[in-house]
Amino acid sequence: MLSQPASFVVQLKKNFELPKATYYYGDYIEIKIGEDWIGGAVTQADSSNLRVGKEIVSISEIDAVRIRKRLLSLFGSAFQGGGLLYLGVVSANSLINDERPVLRSGEAIGGVAAVGMGFLLKRVSYQDIELHEGWQLRVIQFSE
């Protein structure tokens, strides 16, 4: 039977170090089971199972946990959106003013570089931690 809400903490840690990630009731978590990634809110837990979204998963079946770095992801989205917006505004302005070429090389390089930087930042905005070599996912129960 899974525990009542808010009576647990899920920690990802290596050996005796401080936890790399801590998840509380309602926090979003992404876990890998086999080749599939499952994501959702942690709603219930006990010493051997987690409820992630609507699925109950045995902790022993979890192969990896994905940790998101929200700030890098935010900057990545900002760069992507800003680069696309810049390219759109410059192109629209050139078309309205009947300028040729529509995009000059410097404008195209700047916009494409911003979009590329956004993709790069979004790619490095998460870390997959394989649960081996000392890494473990544990549920810490609190008495009610």
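The gain in end-to-end length when the D63 to W135 segment is fully stretched comes to 24.9 nm, 0.36 nm per residue minus the alpha carbon separation.
The largest accessible area among F16, F79 belongs to the first residue in F16, F79, and the rest follow in falling order (1.4 Å probe, all chains).
Computing FRET efficiency as 1/(1 + (r/R0)^6) for L74 and D27, where r is the C-beta to C-beta distance and R0 is 25 Å, gives about 0.90.
For segment 19-144, the ratio of Cα radius of gyration to the globular rule of thumb 2.2 N^0.38 Å stands at 1.57. About the centre of its Cα atoms, the chain shows a dipole size close to 360 debye [charges on the beta carbon of Lys, Arg (+1) and Asp, Glu (-1) only; nearest 20 debye]. Taking the Cα centre of segment 95-144 as reference, the dipole from Cβ charges on Lys and Arg (+1) and Asp and Glu (-1) amounts to some 160 debye.
Annotation: E61 carries an accessible surface of approximately 100 Å², with a 1.4 Å probe and no ligand, DNA or RNA atoms counted. Heavy-atom accessible area with a 1.4 Å probe sorts R66, R51, largest first, into R51, R66.
Helical runs assigned H by DSSP (4 residues or longer) give the chain a calculated mean residue ellipticity at 222 nm of -11000 deg cm²/dmol, each run adding -39500 (n - 2.57) before division by the residue total. Think of the chain as having a plus end and a minus end, set by charges on the Cβ of Lys, Arg, Asp and Glu; of S125, V139, G111, G111 sits farthest toward the positive end of this dipole. The share of accessible area on the chain that comes from carbon and sulfur is 58 percent, using a 1.4 angstrom probe. Relative contact order for the chain: 30 percent, from Cα pairs under 8 Å spaced at least 6 residues apart, divided by residue count. Rounded, prolate or oblate: pick one for segment 27-66, where a ≥ b ≥ c are the square roots of the eigenvalues of its C-alpha gyration tensor, a/c under 1.5 means rounded, and failing that, prolate if a/b is larger than b/c, else oblate. Oblate, since a/c reaches 1.5 and b/c is not below a/b. Label reach from A113 (point 7 Å along Cα→C-beta): in segment 74-98, amide nitrogens under 16 Å belong to 79-80, 82-84, 86-87. Of the residues E130, E35, ranked by 1.4 Å probe accessible area with the largest first, the sequence reads E35, E130. Around the amide H of A21, modelled in the peptide plane, lie the amide H atoms of L12, all under 5 Å away and 5 or more residues distant in sequence or on another chain.
The values are calculated or read from the model by the stated rules, or taken from the named source; none is laboratory data. Source: prediction; values computed, not measured. FYI the Cβ positions are ideal-geometry reconstructions off the backbone, even for glycines, and counts take in every protein chain you see. Please note that ligands, DNA and RNA were not included when accessible areas were found on the heavy atoms of the full protein model with its side chains. Shrake-Rupley method; radii C 1.70, N 1.55, O 1.52, S 1.80 Å.
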